Amino acid sequence: MNFDSTENQDMISAMVRDFAEKHIRPSLMEWDESQEFPIDLFKKMGEIGIMGVLVPEQYGGAGFGYHEYIKVITEIAKVCGSIGLSLAAHNSLCTGHILTFGNEEQKQIYLPKLASAEFLGAWALTEPNTGSDAMRMKCTAKKDGDHWVINGTKCWITHGISSDVVVVIARTGDLLDSHGMTSFIVDRNNPGLKAGKKEDKLGMRASETAEVIFENCRVHESMVMGGVGNGFQQAMKVLDGGRISIAALSLGIAKGAYEASKKYAQEREQFGQAIANFQAISFKLADMATEIEGAELLTHQAADLKNKNLPMTKESAMAKYMASEVCVKVANDAVQIFGGYGYTKEFPVEKYYRDAKLCTIGEGTSEIQKLVISREILN
Ligand SMILES: Cc1cc2nc3c(=O)[nH]c(=O)nc-3n(C[C@H](O)[C@H](O)[C@H](O)COP(=O)(O)OP(=O)(O)OC[C@H]3O[C@@H](n4cnc5c(N)ncnc54)[C@H](O)[C@@H]3O)c2cc1C
């Protein structure tokens, strides 16, 4: 396996890095403090083609593969995890679901708008009482003539308020029947779709997270994706790809924290010398560099399989599990290297530390990744 960057991937990384330095770095602490979701930034990201990274050019996207996608998410998350999370949710959850399971008409309607950022996407699976255990979801969709009527509440939804289109998975059959759920595309202007409470979060504060409420929400049957009863299987497949994006998000945050602490360790002097000269510090940096590279290889391995359309449930779970745990550890060590300064908002590592934790929770916790991996290896 050779995952060396191609010239094109290096160009994409450089372009996204420049964008992040120019449009994200100057305002990220302001957005973080106020929990502002900078929606105009996403329009700009649409202009440079990163709102539809995986969408084929025929639907207005960039037409890239998963290796390029990892580069994009990583470069954004290196600067700001929140923006990386929102970009990942838009690209691989909402857009990814329509791209993979939508019919031609649905793709023609939604993909060009999502790829250009005319539309912002949301993907709604989680409910207040069903996170890891999505199969017990309570949100229902009942048939009424040529419409479905959706009722229920989804929570923790990225872009739950600001999205223009929501992909929702709702119960259309019996509880615990894995073919008892169906996915629907719902437009924001549907009167039965309402935004609920916005969460006040520890980290990822510039990424909007909110409840989405369905009250007698009537959706035409043409907005069902991939047949009635297939929603759960579709969601699991979407999450396989989504795990690559959370692994890339984790890599970005970890790299940002590592680079900041490496620079600081070479500049900060104690006992008459740079603290990087102390083995206790240089070994931390060595662990960080090694673990980041290990996680990066696993992430590109999952991407390679995904690009080839090969099974990758185990590999994407391994990549997500390792990259997110490495991210939390690296961010923790980065704060330690900065000492007291790392505990303040004057320096970037406290934000990496807060943002990092989401990576071991969102799109399947570390415990759930271990469940997936153990099922696959014991199969
Ligand atoms: C910032 C943010 C953004 C999000 N965005 C979205 C989104 O856009 N769309 C969406 O649908 N969801 C989204 N989520 C929801 C997210 O996917 C869930 O939070 C996650 O799946 C965990 O579910 P839960 O929070 O209900 O935890 P729970 O499932 O209640 O888990 C609680 C704890 O129990 C453990 N646990 C649960 N079951 C088992 C088991 N069988 N074995 C061992 N341990 C177990 C978990 O690992 C965890 O440690 C988001 C969450 C956050 C925080």
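The values are calculated or read from the model by the stated rules, or taken from the named source; none is laboratory data. Keep in mind it's a predicted model, so treat the numbers as computed, not measured. For neighbour counting, all protein chains shown are included, and Cβ atoms are generated from backbone atoms with ideal geometry for every residue, glycine included. Keep in mind that these areas ignore ligands, DNA and RNA; they rest on the heavy atoms of the full protein, side chains included. Shrake-Rupley method; radii C 1.70, N 1.55, O 1.52, S 1.80 Å.
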| message | Which numbered condition in (1) in a loop (DSSP other than H, G, I, E, B); (2) on the phi > 0 side of the Ramachandran plot; (3) more than 18 Å from the chain's Cα centre (by Cα) is the only one that Gly152 fails? | response | (1)
| task | Out of the residues in region 120-131 that are under 10 Å from Ile169 (Cα atoms) and part of a loop (DSSP other than H, G, I, E, B), state the one that is most open to solvent (accessible area, probe 1.4 Å). | result | Thr126
| message | So for region 320-341 (the condition being farther than 20 Å from Ser245 by Cα, basic (Lys, Arg) and touching a residue at least 12 places away in the same chain (Cβ under 8 Å)), does at least one residue qualify? | response | no
| query | Which ranges mark the helices (runs of 4 or more DSSP H) fully within region 294-379 that have 1 or more residues being among the polar types (S, T, N, Q) and within 16 Å of the ligand (Cβ to nearest atom)? | reply | 313-338, 366-378
| task | Kindly indicate whether Leu297 is touching a residue at least 40 places away in the same chain (Cβ under 8 Å), out of contact with any helix residue (DSSP H, G or I) (no Cβ under 8 Å at 6 or more places or on another chain) and open to solvent by 50 Å² or more (accessible area, probe 1.4 Å). | result | yes
| field | Residue list for region 197-219, restricted to those being within 15 Å of the ligand (Cβ to nearest atom) and open to solvent by 20 Å² or more (accessible area, probe 1.4 Å) | value | Lys197, Lys198, Glu199, Asp200, Lys201, Leu202, Arg205, Glu211, Ile213
| note | In region 132-178, residues that are open to solvent by 10 Å² or more (accessible area, probe 1.4 Å) and away from the ligand (no atom under 11 Å from the Cβ) total 25
| Just one of Asp174, Asp200 is out of contact with any Pro (no Cβ under 7 Å at 6 or more places or on another chain), outside any strand (DSSP E or B), free of Cβ contacts under 8 Å to residues at least 24 places away in the same chain and of a type outside the set (S, T, N, Q); which is it? | Asp174
| note | In region 258-275, residues that are more than 30 Å from Gln9 (Cβ to Cβ) and part of a helix (DSSP H, G or I) total 2
| Is there a residue being open to solvent by 60 Å² or more (accessible area, probe 1.4 Å), among the basic types (Lys, Arg) and touching a residue at least 12 places away in the same chain (Cβ under 8 Å) anywhere in region 269-289? | no
| Of the conditions (1) within 14 Å of the ligand (Cβ to nearest atom); (2) at pLDDT below 95; (3) open to solvent by 10 Å² or more (accessible area, probe 1.4 Å), Arg243 fails just one. Which one is it? | (2)
| note | (1) free of Cβ contacts under 8 Å to residues at least 60 places away in the same chain; (2) under 16 Å from Ser116 (Cα atoms) all hold for Ile39 apart from (1)
| field | Residue ID - farthest from the ligand (Cβ to nearest atom), chosen from residues in region 75-90 that are more than 11 Å from the chain's Cα centre (by Cα) and assigned to a helix (DSSP H, G or I) | value | Glu75
| query | Using beta carbons and a limit of 7 Å, which pairs, at least six apart or on different chains, have the first residue in region 149-162 and of a type in the set (Ser, Thr, Tyr) and the second one near the ligand (Cβ under 7 Å from one of its atoms)? | reply | Thr158/Leu85; Thr158/Ala89; Thr158/Ala122; Thr158/Ser207; Thr158/Thr209
